[in-house]
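Trainee: Mind looking over this structure? Questions follow.
The values are calculated or read from the model by the stated rules, or taken from the named source; none is laboratory data. Since we're looking at a predicted model, the values are computed, not measured. FYI the Cβ positions are ideal-geometry reconstructions off the backbone, even for glycines, and counts take in every protein chain you see.
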Amino acid sequence: MEATETKEIKTALFEEHNKQGGKIINFNGFMLPVWFSSIKEEHMAVRKDVGVFDISHMGVLKVNGANAKNFLQNLISNDFEKSENSKMIYAMILNEKGCVLDDAMAGQVDGQCILVVNAGNKNKILAWINKNMMPDVEIVDMTVDNGLLAIQGPNTCAKLAEIFDFDFAATGRFSAFYVDIMGEKCIMMRTGYTGEDGFELVVSNENIVKVWQKLMEAGIKPCGLGARDTLRIEFGLPLYGQELSEEINPYMTRYKWVVKLESGFIGSDALASIKDQPQKFASVGLKMKERIIPRTHCEIKEGGYVTSGTLSPMLDTPIALALVSPEYAEIGKEVSVVVRNKEVKAEVVKVPFF
């Protein structure tokens, strides 16, 4: 969770986080809470009930114009036509070599095209968009005037229905829709980064404090970046810069299904040429056989390295995501992870971890 930039951008909820005792850190240039009470307590609130994260550091882009759909199809690896009827789809944005510039959510809300990108990559992706721009396309950065909340957990639909008088349970997974939130027409997406049901809400900076306070009054747990990280590792979700990078292609990941070569996109020719070839690494989950937490970049003696590691709050055991030599990617295989100059045995296990 180290800062990667020297700037210190405060979200519209910065003062609210301070009032609630949030431990603030610089994350990708944004001043955000890493926790409020504890990572474990916030993690378990999301797994068992409902929690809310300030994710206003993410990039939410509107893609306008007559050529918007064609442009997005050229930009992302998945089939953008799947987003018809107000759906969000998971995809990767690739360079010409077929390696990952970012992973993203792309979709439509009543015909309006939207692209959600990672905080640390927003400027890089905007530059890539400009480099590959088509006529009759306009990009609007919604995060200039709006924040983003992630409300996550098995009780999310019921709790939000009580607060905002809307049947959230009737919406489909990965749907995107407009909903009236405290007098404002907001975009809401039934997506998330925790492995639980939930929604991501785009709300104006003018109103986001009132919405946050309403969620707090209803007893929803405020959560920080720490729990967001442990939740996504437990569910095997990738983080750019760790599980994904410009040295990793989608065929090395657990997300080969986001590649729809027939759709045609930047990098598709490169991927088509290696589709049936053995890859250098395969992405796996590891369960440690000792109570030692492996960290990013820990070497795997048989070939490869740890991309993310944590102590799983649900399993109460150290787990990791890793890239390993393909011959060691089978469930049940054993590898040796070098943690602080000590070789620790780990078993390749099914992901998600629970």
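Trainee: Give me a count of the residues in region 156-174 that are over 22 Å from LYS210 (Cβ atoms) and either of a type in the set (S, T, N, Q) or in contact with a Leu (Cβ under 8 Å, 6 or more places away or on another chain) (or both).
Mentor: 1
Trainee: Looking at region 242-255, I want the residues that are of a type in the set (S, T, N, Q) and have a partner that is part of a loop (DSSP other than H, G, I, E, B) with Cβ atoms under 7 Å, at least 6 apart or on another chain. Which pairs are those?
Mentor: Sorted first by the residue in region 242-255, then by its partner, the pairs are GLN242/THR296; ASN249/GLY98; ASN249/CYS99; THR253/PRO238; THR253/GLU243.
Trainee: Mind checking whether some residue in region 302-311 is surrounded by fewer than 21 Cβ atoms within 10 Å (Cβ to Cβ) and either more than 23 Å from the chain's Cα centre (by Cα) or modelled with pLDDT under 95 (or both)?
Mentor: Taking region 302-311 first, the residues surrounded by fewer than 21 Cβ atoms within 10 Å (Cβ to Cβ) are 302-303, 305, 311.
If we keep only those that are either more than 23 Å from the chain's Cα centre (by Cα) or modelled with pLDDT under 95 (or both) as well, we get 302-303.
Within region 302-311 (the criterion being surrounded by fewer than 21 Cβ atoms within 10 Å (Cβ to Cβ) and either more than 23 Å from the chain's Cα centre (by Cα) or modelled with pLDDT under 95 (or both)), the answer is yes, since at least one residue qualifies.
Trainee: Please give the number of the condition ALA158 fails out of (1) small (Gly, Ala, Ser); (2) closer than 30 Å to ALA45 by Cβ; (3) crowded, with 17+ Cβ neighbours inside 10 Å.
Mentor: (3)
Trainee: Just one of (1) among the charged types (D, E, K, R); (2) more than 30 Å from MET134 (Cα to Cα); (3) over 26 Å from the mean Cα position of the chain (by Cα) trips up LYS287, so point out which.
Mentor: Result: LYS287 passes all but (3).
Trainee: Same structure, new question: Which residues, counting only those in region 80-107, are farther than 16 Å from PRO250 by Cβ and surrounded by fewer than 22 Cβ atoms within 10 Å (Cβ to Cβ)?
Mentor: Across region 80-107, the qualifying residues are GLU81, LYS82, GLU84, ASN85, SER86, LYS87.
Trainee: Go over the candidates VAL116, VAL144 one by one and state the one that is aliphatic (A, V, I, L, M), without any contact (Cβ under 8 Å) to a residue 24 or more places away in the chain and closer than 26 Å to GLY29 by Cα. Lay out the reasoning, then the answer.
Mentor: Details: VAL116 fails: without any contact (Cβ under 8 Å) to a residue 24 or more places away in the chain.
Checking each option against the conditions leaves just VAL144.
Trainee: Yes or no: region 332-342 includes at least one residue that is under 27 Å from LYS40 (Cα atoms), under 23 Å from the mean Cα position of the chain (by Cα) and outside the structural domain of GLU234 (by TED's automatic domain parsing).
Mentor: No, because not a single residue in region 332-342 is under 27 Å from LYS40 (Cα atoms), under 23 Å from the mean Cα position of the chain (by Cα) and outside the structural domain of GLU234 (by TED's automatic domain parsing).
Trainee: Let me ask something additional. Kindly indicate which of VAL34, VAL63, VAL52 is assigned by TED's automatic domain parsing to the domain that holds LYS210 and in contact with a Pro (Cβ under 7 Å, 6 or more places away or on another chain). Steps first, answer last, please.
Mentor: Details: VAL34 fails: in contact with a Pro (Cβ under 7 Å, 6 or more places away or on another chain); VAL63 fails: in contact with a Pro (Cβ under 7 Å, 6 or more places away or on another chain).
Criteria check complete, one pass: VAL52.
Trainee: With a cut-off of at least 3 residues that are among the charged types (D, E, K, R), name the strands (runs of 3 or more DSSP E) lying wholly within region 170-209.
Mentor: Working: elements: 176-181, 184-189, 198-204.
So the answer is none; nothing clears 3.
Trainee: Also, quick follow-up: Tell me the strands (runs of 3 or more DSSP E) entirely within region 249-354 that contain at least 3 residues that are over 30 Å from LEU75 (Cα atoms) and hydrophobic (A, V, I, L, M, F, W, C). It would help to see each step written out before you state the result.
Mentor: Details: elements: 282-288, 304-312, 317-324, 334-339, 342-349.
Result: 334-339, 342-349.
Trainee: Let me ask another. Could you tell me whether any residue of region 238-253 is within 24 Å of ALA169 (Cβ to Cβ), small (Gly, Ala, Ser), assigned by TED's automatic domain parsing to the domain that holds ILE55 and modelled with pLDDT of 95 or more? So that I can check it myself, show each step before the final result.
Mentor: To start, the set of residues in region 238-253 that are within 24 Å of ALA169 (Cβ to Cβ) comprises none.
Checked against the condition, which is being within 24 Å of ALA169 (Cβ to Cβ), small (Gly, Ala, Ser), assigned by TED's automatic domain parsing to the domain that holds ILE55 and modelled with pLDDT of 95 or more, region 238-253 yields no hits at all.
Trainee: For region 57-71, check the following and say yes or no: at least one residue is under 17 Å from GLY226 (Cβ atoms), touching a His at 6+ places or on another chain (Cβ under 6 Å) and not basic (Lys, Arg).
Mentor: Scanning region 57-71, I find no residue that is under 17 Å from GLY226 (Cβ atoms), touching a His at 6+ places or on another chain (Cβ under 6 Å) and not basic (Lys, Arg), so the answer is no.
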